[in-house]
Amino acid sequence: MVRVVNHEARKRAILAATINHYIEYAQPVSSEEIARDFNLSSATIRNIFAELEKEGSLTHPYTSAGRIPTEQGWRYYVDFLLSETELLDEEKEMIVNEYKKEIVRLEDVLEKTSEVVSTITHYTSIVSLLEWQDRFFYNGLSFVLEEPEFRDSLRLKLLVRMLEERRNLLNIINREFSGKVKVYIGQELACPEMRDCAIAVSAYSVKTKPVGRLAVLGPVRMNYKHIIPTLEYVSEVLSNILNEI
């Protein structure tokens, strides 16, 4: 019996596996590592890597034989290849329990939200209210500082400056978008200082009217499959809380 292989489907699966590996280890991905996952030869994987590189989804830094995703590759991954993970029951329970603590003021609710999101995602969280001009709550900067992309002192300074100056960051996360979560990657942020960053944004509402944004800021190499369902769930819980205040 002849086994028919869908080459395009295999290529997409290999791209997804390569990006997932890069997210986890922050190192260029070799053909040998991916070959083990697919029970294929390294030569076959190298050929597919070459196709993906020609198409603009992968590249290889310097003289390394390993591949890393390009911005085009990240965009395709987020839009078409991402397999979101369901939040664990204990994560959902932790989120709900945090809001059960005595919180009276709106500011306290939003600050608590920024703490919850950063704790769950291990990235920097930002919570804005659309009617506020130059103010937002953020938490978890220390998580981002641990990422290898920000060990460079200049990149770190630029990131801290963005959080301190606020206006450019608010312009990004307060943009109009469709869907539950919008992801901006690298140059899509239209901010040269953040070319190595990505931001995932969701909206929260009062009586079905969007009144603010939740965002997660980190390196382009973020764990999107966990971040996106986290933002969706926290936005829903926060909206319910605000409707009860």
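Read-outs throughout are calculated quantities, based only on the coordinates presented, and are distinct from any laboratory measurement. Worth saying up front: this structure is predicted, and the values here are computed from it rather than measured. In this analysis, Cβ positions are derived from the backbone assuming ideal geometry, glycine residues included, and neighbour counts consider all displayed protein chains.
Annotation: lysines with alpha-carbon distance below 30 angstrom to LYS100 (same-chain offsets under eight excluded): LYS92, LYS112, LYS180, LYS182, LYS207, LYS209, LYS225.
Would you mind calculating the gained length between ALA43 and GLU55 on full extension (0.36 nm times residue separation, minus the Cα-Cα distance), in nm to one decimal? Extra length available between ALA43 and GLU55 comes to 2.5 nm.
Based on DSSP H segments of at least four residues, each scored -39500 (n - 2.57), the chain has a per-residue ellipticity at 222 nm of -15500 deg cm²/dmol.
In percent, rounded to a whole number, the relative contact order of the stretch 7-81 is 33, using alpha-carbon pairs under 8 Å and six or more apart. When Rg/Rh (Cα atoms, Kirkwood Rh) is computed from the coordinates, the matching label among (i) 1.20; (ii) 0.93; (iii) 1.02 is (iii).
What is the sum of charges, Lys and Arg at +1 and Asp and Glu at -1, for the other residues whose Cβ falls under 15 Å from the Cβ of TYR25?
Values: positive: ARG36, ARG67, ARG221; negative: GLU24, GLU32, GLU33, ASP37, GLU146, GLU147, GLU149.
Local net charge: -4.
Of the chymotrypsin sites (Phe, Trp or Tyr not before Pro) found in the stretch 65-134, the ones in coil according to DSSP and having at most 16 other Cβ atoms within 10 Å of their Cβ are TRP132. Between the beta carbons of ARG105 and TYR25, assuming R0 = 51 Å, the FRET efficiency works out to 0.75 to the nearest 0.05.
Here LYS11 is the anchor, and the lysines within straight C-alpha reach of less than 17 Å, apart from those fewer than 8 places off in the same chain, are LYS54. Averaging the sequence gap over all C-alpha pairs within less than 8 Å and six or more residues apart, then dividing by the number of residues, gives the chain a relative contact order of 17 percent.
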